[in-house]
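Here the structure comes first, spelled out in structure tokens, and everything after it is commentary.
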Amino acid sequence: MSLRSGHIHTAIATMRTNRWRSVLTMFGITVGVASVIVIIGISQGVKNEITNQVYAFSKNVITVTSKAANLTNFGVSQVPTVSTLTNQDVTSIGKIKGVTASVPMIIESGLVTGDKTLHGGIVIATSSELPSVLNQSLAFGSFFTSEDISSYPAVLGYNASVGLFKENVPLGFSFNWRGQPFIVNGVLNGFRVTPFSNNTLYNNAVFIPSQAAKQLDPGGGSLFQILARVDNSKDLNKVGGEITAALIKNHGGQKNFSVLLPSQVAKNNTGILNLLTELTIGIALISLFVGGVGIMNVMLVSVAERIHEIGIRKAIGASNRQVMSQFLVEATTVSVTGGLIGILLALLADLVLKLVTNLSPSISWEIIVIGAAISMLIGIVFGSIPAIRAASKEPIEALRNE
Amino acid sequence: MSLIKLEDVSKLYGFGDATTLALDEVNLAIDKGEFVAVMGPSGCGKSTLLNIMGLLDRPTHGTYRLQNRLVDRLSQNRAAKLRRDTIGFIFQSYNLLPKLTVLENVALPLAYKGVGVTKRVKLASQILERVGMQNREYFFPNQLSGGQIQCAAIARALVNDPSIIIADEPTGNLDSAGSRLVMELLSEIHKMGNTIIFVTHNPELTKYATRVVYMHDGMIIEDETTSIGEVAKTAKRRMYSLPKKTAEDDLAGVSLLMKVVPDKTEVPSSSGQAKSKQANSTKRKRRYMKAKRQK
């Protein structure tokens with residue numbers, strides 16, 4: 001123990017005397033550890049957001065999407081235009097036991113004009129049951145009910161409301177869609193914008209009753225999603241199966257749709273993220289590897305420079321293991337110091353990311369411990385070859401070398 | 001029973017044509033409590049002999065018994081352990097670690113033995129007091145004079161309480177005052193019962209020794225017991241008059257040169273054992289020639 005602390009002492013002294021060399025050696029490890037931690041932190045933060053209910057739909061909603069168009073779940077641009085789902089499916093799902101609401105989500109085309117023309121917004125035709133599946137409250141007003149469909153009511157997403165009207169609270173104001181004036185019944189609170197979710201889509205949406213849409217656009221929009229609310233979360237799996245069975249029957253035996261349970265939605269959304277994370281961590285690991293090779297290189301030089309010292313130590317009774325442990329401790333000290341600096345840098349980067357971007361990376365203490373452990377491991381792995389070389393020197397050969 | 005017993009110990013360096021014979025079948029027995037001075041010209045194998053006795057090097061042939069234990073084929077780690085516990089080294093170039101203080105240097109062998117830090121410092125500082133360095137404990141080697149550094153090195157050699165002290169020209173880099181300091185210290189240690197083997201070029205220093213061994217070309221050519229306080233009788237003579245080459249040697253040298261002339265003159269050779277003996281002696285002569293040419 002005391003010998004080991006002596007080794008650490010020597011290692012630090014050596015690092016001080018070869019300051020530049022030590023800094024450059026540590027650099028590789030520092031960058032590697034910092035990037036691994038930051039990447040894991042970012043991906044963990046995003047995953048947390050996805051799983052932490054900052055999601056457009058509430059917990060007990062089964063999402064049915066059209067498979068033909070469901071190419072990826074990757075953002076707004078992928079909203080399908082041709083769908084395999086039909087209105088018949090909506091009613092079938094509504095009849096299944098355990099389903100308390102079956103809400104169609106139909107994308108309609110056409111310009112929306114209020115005080116201004118809405119750019120970058122979409123019209124979603126839906127039923128009055130949408131609030132029961134939506135995980136969001138209204139900022140003003142109320143959602144339309146099935147009774148007042150005749151008066152062409154509409155509910156606006158937060159951004160859509162800003163895009164259509166100069167007025168802050170546009171309740172009772174009207175806008176035109178396909179020549180028909182609609183009256184604003186309510187404005188939704190903004191959905192929190194998170195990566196990999198469709199929340200941006202809902203912030204820009206104009207929600208109108210599906211009956212009105214059918215009347216004004218008989219050709220129909222695209223039924224891209226059916227949301228089924230299940231009150232008892234224990235029934236989710238069972239109901240999911242029944243929905244699949246019912247739709248297969250409707251679609252003549254084809255399974256050209258997908259039924260996603262809430263847990264699967266999150267998983268689908270984090271799948272690509274996980275892949276990206278793994279890829280980037282792989283790249284960061286390469287940098288760690290290169291850093292390790294750097295340490296090995298420097299340690300080999302250091303051993304060559306200090307052969308005489310090794311000879312002296314052996315002459316006064318150091319065993320091979322003791323010499324080896326000295327150089328291992330030295331390599332590990334360099335790599336762990338590099339790793340600790342990397343961890344500090346990562347924490348700093350985390351802070352900067354939180355301030356500058358809307359990402360909220362979460363760096364847990366486990367990641368920090370893993371980072372420290374990785375840097376230690378690198379020191380041991382890459383320090384061992386130079387250490388073994390140092391230890392296996394014949395004492396007399398070593399002493400002669402000056 | 002001898003503390004150190006070398007039997008027919010030879011040491012060869014290099015391969016093929018470049019092979020040199022550093023020790024040539026040396027037989028030497030040293031008893032406990034002896035103070036042995038090893039003398040001889042440069043390159044005669046003194047250091048090699050000391051390194052083998054100190055377990056830093058291994059003999060190519062022959063056997064070495066230390067405390068009646070066969071040690072010439074010990075593994076590196078066993079040798080290190082034995083070295084740590086029974087042998088203390090003192091070098092001409094001191095060989096203190098420059099980045100450690102005197103105290104840390106002296107305590108280092110104890111650290112390798114596994115002694116705890118408190119005890120280590122205590123023991124080291126006791127030894128330093130014995131060599132008169134108690135107020136230099138926290139100096140670095142480069143802040144001390146040669147004599148002081150060598151005293152610290154002696155303290156380091158003593159700290160494990162070894163029975164044998166091996167000193168390779170301990171006074172080689174010191175002035176006469178420093179030499180005296182170091183030799184007085186060694187002779188005091190000798191009085192405590194340690195066995196000391198040291199190499200020197202200075203005939204004056206043989207007055208500290210109880211036995212003087214003269215070496216030449218890897219062989220012990222004279223082994224003289226002297227009394228402490230007297231310069232060995234043969235010391236001065238040996239130092240300034242190396243064994244002269246005889247006419248025969250010179251002739252052999254010339255015939256050796258003849259061999260490499262490309263006219264393929266065959267050198268007549270005798271048979272059997274005589275041949276091998278001759279080969280052995282010509283090897284030595286070849287080295288003479290080599291040395292001569294270099295001059």
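Details
- Per-peptide average of other Cβ atoms within 10 Å, ordering B:161-174, A:88-101 highest first: B:161-174, A:88-101
- Cα-only Debye scattering, the stretch B:4-240: base-10 log of I(q)/I(0) at q = 0.16 Å⁻¹: -1.16
- Shielding by partners, peptide B:52-59 (average Cβ within 10 angstrom, other chains): 3
- Proximal aspartates and glutamates relative to A:LYS97, as straight alpha-carbon distance under 13 Å, when same-chain residues fewer than 8 apart are discounted: A:ASP231, A:ASP235, A:GLU242
- Label zone at B:LYS122, where the point sits 7 Å out along the Cα-to-Cβ direction: the stretch A:1-26 residues whose backbone N lies under 19 Å: A:1-3
- Of B:LYS46/B:LYS99; A:LYS95/A:LYS238; B:LYS46/B:LYS233; B:LYS5/B:LYS46, pairs whose Cα-Cα distance is over 23 Å: B:LYS46/B:LYS99
- Accessible-area rank, largest first, for A:ARG229, A:ARG4: A:ARG4, A:ARG229, with all protein chains present and a 1.4 angstrom probe.
- Charge sum, other residues only, whose C-beta stays under 13 Å from A:GLN215's C-beta, Lys/Arg counted +1 and Asp/Glu -1: 0
- Net charge, A:PRO386 excluded, C-beta distance under 12 Å - Lys, Arg +1, Asp, Glu -1: +1
- At full extension, A:SER151 and A:ASN297 could sit 44.7 nm farther apart than now, given 0.36 nm per residue minus the alpha carbon distance.
- Hydrodynamic radius of the protein assembly as shown per Kirkwood, over alpha carbon pairs, in Å: 33.4 Å
- Protection-proxy order for peptides A:382-393, A:366-377, each taking the mean of Cβ atoms within 10 Å per residue, highest first: A:382-393, A:366-377
- Extension gain for the segment A:LYS354 to A:PHE27, taken as residue separation times 0.36 nm less the Cα-Cα distance, is 115.3 nm to one decimal.
- Bridging of B:LYS122 to aspartates and glutamates at a Cα separation below 13 Å is possible for B:GLU104, B:GLU137, once same-chain residues fewer than 8 apart are set aside.
- Rounded Å value of the spacing that divides the Cα centres of the stretch B:106-136 and the stretch A:323-402: 33 Å
- Accessible area buried at the A-B interface, both sides summed, 1.4 Å probe (Å², nearest 100): 2200 Å²
- Computed in the context of the full set of protein chains, the accessible area of the stretch A:77-168 at 1.4 Å probe radius has 53% of its extent on carbon or sulfur.
- Protein-only accessible surface order, largest first, of B:MET39, B:MET219 at 1.4 Å: B:MET219, B:MET39
- For A:304-316, mean number of other protein chain Cβ atoms within 10 Å: 5
- Helix screen, chain A: DSSP H segments with Cα axial length of 18 Å or more and mean Kyte-Doolittle hydropathy at least 1.0 are A:262-305, A:320-356, A:365-391.
- Hull volume in cubic angstrom per residue (convex hull over the Cα atoms of the stretch A:68-255): 123 Å³
The values are calculated or read from the model by the stated rules, or taken from the named source; none is laboratory data. These numbers come from a predicted model, not from an experiment. When we count neighbours, we look across all protein chains shown, and the Cβ atoms used for this are built from the backbone with ideal geometry, even at glycine. Heads up: the accessible areas ignore ligands, DNA and RNA and are worked out on the full protein's heavy atoms, side chains in. Shrake-Rupley method; radii C 1.70, N 1.55, O 1.52, S 1.80 Å.
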